[in-house]
1. Once fully extended, how much extra length lies between A104 and E132, figured as 0.36 nm per residue of separation less the alpha-carbon to alpha-carbon distance?
2. Which whole-Hz couplings ³J(HN,Hα) result when phi for each residue of region 90-107 is put into the Karplus expression 6.51 cos²θ - 1.76 cosθ + 1.60, θ = phi - 60°, listed in order with x for Gly and Pro?
3. Along Cα→Cβ, 7 Å out, is where each label goes; now give me the distance between the ones at E34 and S53 in nm to one decimal.
4. Chymotrypsin sites (Phe, Trp or Tyr not before Pro), restricted to region 43-109: which are DSSP loop and have at most 10 other Cβ atoms within 10 Å?
5. Would you check the accessible area of I133, probe 1.4 Å, heavy atoms only, in square angstrom rounded to 10?
6. May I ask you to work out the translational diffusion coefficient for region 90-135 at 25 °C, viscosity 0.890 mPa s, via Stokes-Einstein with Rh from the Kirkwood sum over Cα pairs, reported in whole µm²/s?
7. Can you list the residues, at least 5 places off or on another chain, whose amide H is less than 5 Å from the amide H of D83, using H built in the peptide plane?
Amino acid sequence: MPPSQRRFVLKSLLLTLMVLSGVVFSAAGASAVEPVSYVALGDSYTAGPLIPSLDPFPRGCLRSTGNYPHLLASWFRVDSFQDVSCSGAETEDLFAPQQLNRGANPAQLDALTPSTRFVTLGIGGNDVGFTEIVL
């Protein structure tokens, strides 16, 4: 695939993710008066385990610092950003800590605060056994 076509596909995918996540930003919504706090929730499709570089904490989440939430945070220049996505997460891990080989990832919804203004969520593949379906 030519580089220009790859860029088009990547931009289209990013736009689709934003629409599916319910992301709506406008000049008024990202004003300097009110700080924008962004929290990313989700499973490995959000965490990006094969995208360099990996965030070492919590161990076992395989969360990338180059995943789409990090790109969105940079793109929108948010004031605060917290990525609590984790590989292997299921819907129940939004509400309770996700047990990992070397510790736990806290309940993802705990990252939300009254000041959170921007949230993306991508979860459900592990609930339906997506990996097993593909194999």
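1. Fully extending the segment from A104 to E132 adds 7.7 nm.
2. 10, 3, 4, 6, 5, 9, 9, x, 8, 6, 10, 4, 10, x, 9, 9, x, 3
3. Placing both labels 7 Å beyond Cα along the Cβ direction yields 3.5 nm.
4. Those satisfying the criteria are F95.
5. Counting only protein heavy atoms, the figure is 120 Å².
6. 200 µm²/s
7. It is A40, by chain and number.
The values are calculated or read from the model by the stated rules, or taken from the named source; none is laboratory data. None of these values were measured; they are calculated from a predicted model. Counting neighbours? That spans all protein chains shown, and the Cβs are built from the backbone with ideal geometry, glycine included. For the accessible areas, the whole protein counts, side chains as well, though only heavy atoms, and no ligand, DNA or RNA atoms are used. Shrake-Rupley method; radii C 1.70, N 1.55, O 1.52, S 1.80 Å.
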